[in-house]
Amino acid sequence: MQQNMGRLLKIASNQMSRDLDRFAEKYGSTGTQMSIIDYLSRHPQNEVKQHELEQEFNIQRSTTTVLLQRMEKKGLIIRKTSATDSRQKAVALTPAATKLSQVFAEYLAQEEQALTQSFSPDELALFERFLNFYIARGAKKHE
C-alpha cells in the first residue's frame, strides 16, 4: 500500500481549517481571523505590523490586506501607521476582539491538548520534524 504523505497532510490541513471555521462561525468570525486574534492577544505589549502577520501565517501581502480589511470592518482590529516605521501598518485588537480572544485561546488550547494527549512525546517530536521539513522545503522552493 503506497502512502502519499502530502495528500494526507493536505486532507488533515483542510479538516483542521474546517474545524476552526466551524467554531469561529459561532462568534461571527473565521478560523483565520480567530488565529490572527489569538496571535495579537499574545503580543499585547508589542506593536504588531502587517508584515509580521504575513510571515507568521505564511500568507501573501494581498491576502493579508483583504483579511485585515474584513476584520477592521467587523470591528475586530484597528490599523494605524506604525510608530517605528511610517511605511508599515500596525495592527491592534479592539475591545470586542479582546473579549473574544479568551474564548478563542481556550478553544485552541483544548485542541492542542487533544493532540498532545493522543501521542507520545517522541511521536509529537517526529510529527513536528515532518511538518518543519515541509515548511522549510516550501520556503527553499520559493527563494
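Amide H to amide H distances under 5 Å link Val48 with Val91, where only residues 5 or more positions off or on other chains count and H is placed in the peptide plane. Distance between the pseudo-spin-label points of Arg61 and Ala136 (7 Å out from Cα toward the beta carbon): 2.8 nm.
Pairwise Cα distances in the range 60-127 exceed 17 Å in 62 percent of cases.
Please list, by residue number, everything in the range 105-123 whose backbone N is under 17 Å from a paramagnetic label point 7 Å out along Cα→Cβ of Lys26. 105-114, by backbone N distance to the label point. Entry note, the range 67-126: relative contact order of 21 percent, from Cα contacts under 8 Å with a spacing of 6+ residues. Inverting the pair-averaged 1/r between distinct Cα atoms of the chain gives 17.0 Å as its Kirkwood hydrodynamic radius. A convex hull fitted to the Cα coordinates of the range 16-77 yields 86 cubic angstrom per residue. Relative contact order for the range 5-141: 18 percent, from Cα pairs under 8 Å spaced at least 6 residues apart, divided by residue count. Comparing Gln117, Gln33, Gln88 along the charge dipole axis of the chain, the residue lying farthest to the positive side is Gln88, per the Cβ-charge model. When each of the peptides 120-126, 29-35 is scored by how many other beta carbons lie within 10 Å of its residues on average, the order from highest to lowest is 29-35, 120-126. Between Gln3 and Gln110, the contour length at 0.36 nm per residue exceeds the Cα-Cα span by 35.6 nm. Checking every one of the trypsin sites (Lys or Arg not before Pro) in the range 1-82 against DSSP loop status and a limit of 10 other Cβ atoms within 10 Å picks out Lys26.
All of the numbers you see were taken from the coordinates with simple rules; none came from a lab. This one's a predicted model, so the numbers in the text were calculated from it and none came from an experiment. Because the Cβ atoms are built from the backbone with ideal geometry, glycine has one as well, and the counts that use them run over all protein chains shown.
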